[in-house]
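Every number here is computed from the coordinates shown, using simple stated rules; none is lab data. None of the values given here were measured: they were computed from a predicted structure. Note that each Cβ is placed from the backbone with ideal geometry, even for glycine, and that neighbours are counted across all protein chains shown.
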Amino acid sequence: MSANASGIAAAVRSGARAPRAIADEALTKAHAADERDQLNIFITIADRYARDAAAALEGDAARHEAPLLGVPYVAKDNLSVTGLPVTCGSRILEGYVGPYTATAIERMTRAGAILVGKTNMDEFAMGSSTEYSAFGVTRNPLAPTLVPGGSSGGSAAAVAAGIAPIGLGSETGGSVRQPAAFCGIVGVKPTYGRVSRYGLVAFASSLDQIGVFGRDVQDAALAMRVIAGRDDLDATSADVAVPGYGARAGSLKGTVIGKPREYFPPELDPKIAALCGAALERLRALGAEVRDVSLPHTAMAIPVYYIVAPAEASSNLARFDGVRYGLRMEGDGLRGMYEATRSKGFGPEVTRRIMLGTYVLSAGYYDAYYRKAMQVRTLITDDFRKVFASGVHALFTPTTPTPAFAPGSKSDPYEMYLSDIFTCTANLAGIPAISVPIGRVNGLPAGGQFMCAHFEEQRMFELSFALEAALGAEAHR
Amino acid sequence: MSAENREPSGVRLSQSRTPPSTEYEMVVGLEVHVQLKTRTKAFCRCSTSFGDAPNTNVCPVCLALPGALPVLNAEAVELAVRAAVGLGCTVHETSIFARKNYFYPDLPKGYQISQFDRPLATGGRLEFPVADRSTTVGITRVHMEEDAGKSLHDRFPGATAIDLNRAGVPLIEIVSEPDMRSPAEAGAYLRALKQILEYARISDVSMEEGSLRVDANVSARRRGETRLGQKTEVKNMNSFSGVERALEVEFARQCELLERGGSVEQQTMLWDGATGQVRPARAKEGSHDYRYFPEPDLPPLVLEAGFVRRVRESLPELPAERRARFASEYKLTAYDVDVLTSAVAVADYFERVADRADPKTAANWIMGEVLAALRASGQAIDEFMVRPADLAALLGLVASGTVSHTAAKQIFAVMAAKGGNPAEIANAQGLLQVSDDDQLRRWLDEVVAEHPREAERLAAGEKKLQGVLIGAVMKKSKGSADPKRLGQLLAERFGT
């Protein structure tokens, strides 16, 4: 399938293609990717669900104008869908089937999109490689000996492998942008509050946002437009109008792009640095002004992130207790049941973060860790606020310090945490960010990142469209 | 309670609820959890209805299914603010929800959404009478939170059942200052608090249904000492009198420890109403680290400008104001006012009767006949068959002389049993008072004819026989003769 989402929708609308045939084709590709190519992209391939959805579309003339009419997509397996298992890549949800549907999924359905499967992920979205899944490692379709990135690695791989033009993922510290960069596709993390989190299984509630993957900027923008907007079921979703997220013709004259020095450290892969430099040259050639800027608290982002996120996670994951759903192991009394269930159900990375989070919230440590981290988080946010207030419209940085790596190559958890070094700042500040392909490093994709002020997705997409057009085939070479 | 003071060495927990010594002073602060009377739960749209089949009022949010999120119920905020305003608190424009983390099977999320360091309201006071003296207790804070579900240990042998209908029902916690010095003060505080919550229509305030729950912090210190002693927390009381008894017992236990040179240990004590004893809860109970942190799923609660003022202005009349008004408007005695205002429904009932009848008579009837009938039937005044308008009509019939006081009581009994219009009942039962002179004279003639000797003696001036003849007429008329007019006619006839 080479057509992008708007192409598929147009073909369905004109009668040139039938939703059922499209669904069948996507399902066939999904099975081939996992069964023949051993990519391990899916936790659930939703054969029946997808065929039913496609059949329903064919009988529904009212949805003729739906923007994603007949477009197949995949969703990370931490989004709740009625009738489909929700695993979060964990054993602890064994046997649990979603009894309700997430708002983002609901909006995709209303837009005519067809869900073909639930994708693999690091357990509870904790990881940067999709290695920490109870369902095995997902392979990068562009380089199957390497990881696709994570934690939304399954969705990124599905889009990169051409199974579906659109994927939904979730971000807490870079879990869409980083795998997008590793898989050579576009990944968007919207402003905190832009997309409803209702039905997204929480990892760290103040950082989590649902994001989208597309093979080009247009598909990503289209999907984002569909899922964005206020939802009464999420008190943190924002009541801010959703613009069209379309491209803007003409030059970038008057646009100021900041190049933050903290995102170009000496240890950055020089080839990635070079690709970023080339991308900035293109932007300058289009009329943009590129300005050196500084975000002085950037170095503290990883430590802050690894206090705030585990703290919230330790509380969010308390509900997986064996009482109401999912795995339950017998144990000695109530406490024994809790211990047996949670020890068996959670993998090592999740266990590590629950322990870390419990510790930083404990009496006597709260002030030294959690409170301090929240204060520094404010400083990081202020860095962005100041730079955007100074006339800078967007920041451009590498998405990751390195291209995709091999499974098992980051055995030290801290090494793995550094994969998010350029991405987790946007989550801490709540600002939108996007990763777009900017070329290859030794044949492996690299991503460049735009970050904008809160709710400035429109500008972010405009710049991405412009860069994508300017780079052309270079973005994938 | 005996007023006798025993020597400390004579105290036996199981035998005595008498304070062991006047040397020690009791210090009490109360934490009261109150269910708000909202239609739906605090963070989802499930019904709060009490007594439904287990696990029927539940949804993804209150079951804590993966991915579900809380959304604050505006009605709960309004009731909580009403309570805070009624208790004279400063209501904060911004307050913050926090997670209180602990594992328990009836706590679905593994944390309770509560408020911690930025509560809804702080710094109020409650003034109320104790033994004819006005007392004031400071209110430390009022904060919002959600209820947990219920663990049922007696449904299935060897297993615990969980009912989550109550999970997520909105609560406020009202924390008092340690300003109370006796069980009686604590009891009076609770009664006054209950009255306010009921008057302001904030809660059903039923300890039986669990819509009001009380935990007590109690400590003992030598009289004259200004520092607080080590406190314990007493839980599991299910009535106000249970709170008073538990405080006495726990205070006696602490005093005995201190007398012996021991010290009180910080712990949670559980009251056992059946045995009248307190016993320590499992040791862990008191040592929880709840790891509070701001609830990231809910933005800070920001009350819009003017909201608190509007709530204050729309606050229904509170007990103190109503007592004052009853005294001045209806000229009732202090005792009458206390009885009539103790429950808001009784006060409302009184006012509806007093609108159309003499207030003092209405008060007497309600405090007498009405409350006695309710006690006898176990009914609430809201479901009482005698509606205020009907009672007022009955009092009107008495005032106009249409029925006698005796007949009115008979009519009331019929109304209380079956309801109905008093005039119709009087008519149907022949209880209308006869003051028609012709009829009265006819009866008098008959009685004189039947009792010629008594009539002669009365005519001769033997006045005590007046009563005999009147009694005979009353009997003949089956109580319907107007005794006053009858007396006048008799006097005319015999020139007495």
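Below are the figures for this structure:
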quantity	calculated
Angle between chain B longest axis and helix B:465-476 axis [Cα atoms, degrees, rounded to 10]	70
Dipole of region A:218-370, positive end: most advanced residue of A:Ile307, A:Tyr359, A:Tyr338 [Cβ charges, Cα centre]	A:Ile307
Partner chain coverage, peptide B:67-78 - average Cβ within 10 angstrom	4
Viscosity 1.002 mPa s, temperature 20 °C, Stokes-Einstein D of region A:264-395 from Kirkwood C-alpha radius, µm²/s	116
Spatially proximal lysines relative to B:Lys463 (Cα-Cα < 22 Å; intrachain offsets below 8 disregarded)	B:Lys475, B:Lys476, B:Lys484
Size-normalised alpha-carbon gyration radius of region B:374-418, reference 2.2 N^0.38 Å	1.19
Computed P(r) (all Cα pairs; region B:437-494; 5 Å bins; percent)	4, 21, 37, 25, 11, 1
Exercise: per-residue mean of other protein chain Cβ atoms within 10 Å, A:361-371	2
Options B:Ser263, B:Leu303, B:Val175, ranked by Cα towards positive dipole end of region B:166-325, top entry (Cβ charges)	B:Ser263
Rg in Å to one decimal, and Dmax rounded to a whole Å, for region A:75-212 via C-alpha atoms	13.3, 38
Angle between chain B longest axis and helix B:483-494 axis [Cα atoms, degrees, rounded to 10]	20
Reciprocal mean inverse distance between Cα atoms of region A:47-93 - Kirkwood radius, Å	12.6
At q = 0.08 Å⁻¹, base-10 log of I(q)/I(0) for chain B (Debye sum, equal scatterers on each alpha carbon)	-0.67
Rg ratio (alpha-carbon, reference 2.2 N^0.38 Å) - region B:338-496	1.28
Centroid-to-centroid separation of region A:390-412 and region B:54-132 [C-alpha atoms, Å]	42
Relative contact order %, region A:5-227, counting alpha carbon pairs below 8 Å whose residues are six or more apart	20
Assigned charges on the beta-carbon of Lys, Arg, Asp, Glu; region A:186-240 dipole about Cα centre (debye)	140
Sequence-separation-based contact order of chain B, relative, with Cα cut under 8 Å and 6+ spacing, percent	14
Pairs of Cα atoms farther than 17 Å apart, region B:220-280, %	39
Helical mean residue ellipticity (222 nm; -39500 (n - 2.57) per DSSP H run of 4+; nearest 500) of chain A	-11000 deg cm²/dmol
Distance from region B:446-469 to region B:214-249 (C-alpha centre basis), Å	72
Taking the C-alpha atoms of the protein assembly as shown, convex hull volume expressed per residue in Å³	241
Semi-axis lengths, Å, region B:145-304, gyration tensor of Cα atoms, sqrt of 5 times eigenvalues	29, 22, 19
Burial order of peptide ranges B:197-203, B:305-311, A:9-15, B:223-229 (average beta-carbon count within 10 Å, highest first)	B:197-203, A:9-15, B:305-311, B:223-229
Length released on extending from B:Glu208 to B:Arg125, taking residue separation times 0.36 nm less the Cα-Cα span	27.3 nm
Per-residue [θ]222 nm for chain B (sum of -39500 (n - 2.57) over DSSP H runs n ≥ 4, rounded to 500)	-11000 deg cm²/dmol
Region A:286-349: relative contact order in percent, alpha carbon pairs under 8 Å with at least 6 residues between	19
Dimensionless Rg over Rh [chain A; C-alpha; Kirkwood]	0.95
Helix axis angle, B:344-354 relative to chain B longest principal axis, alpha carbon, degrees	30
DSSP beta bridge pairing in the protein assembly as shown, given as percent antiparallel to the nearest 5	80
Estimated Rh, region B:317-428: Kirkwood, alpha-carbon pairs, angstrom	14.1
Cα pair distances in region A:302-368, grouped into 5 Å bins until the bin that holds the longest one, percent each	4, 18, 23, 22, 16, 10, 6, 1
Given charges at beta-carbon only (K, R positive; D, E negative), |dipole| of chain B in Debye	320
Rg/Rh (Cα only; Kirkwood hydrodynamic radius) as it applies to region B:8-302	0.98
Chain lengthening between B:Glu329 and B:Val302 when straightened (0.36 nm per residue, less Cα-Cα)	5.7 nm
Of the trypsin sites (Lys or Arg not before Pro) in region B:406-474, those whose Cβ has at most 12 other Cβ within 10 Å and which sit in DSSP loop	B:Lys463, B:Lys464
Point-to-point label distance, A:Arg291-B:Ser49, nm (Cα→Cβ direction, 7 Å offset)	6.2
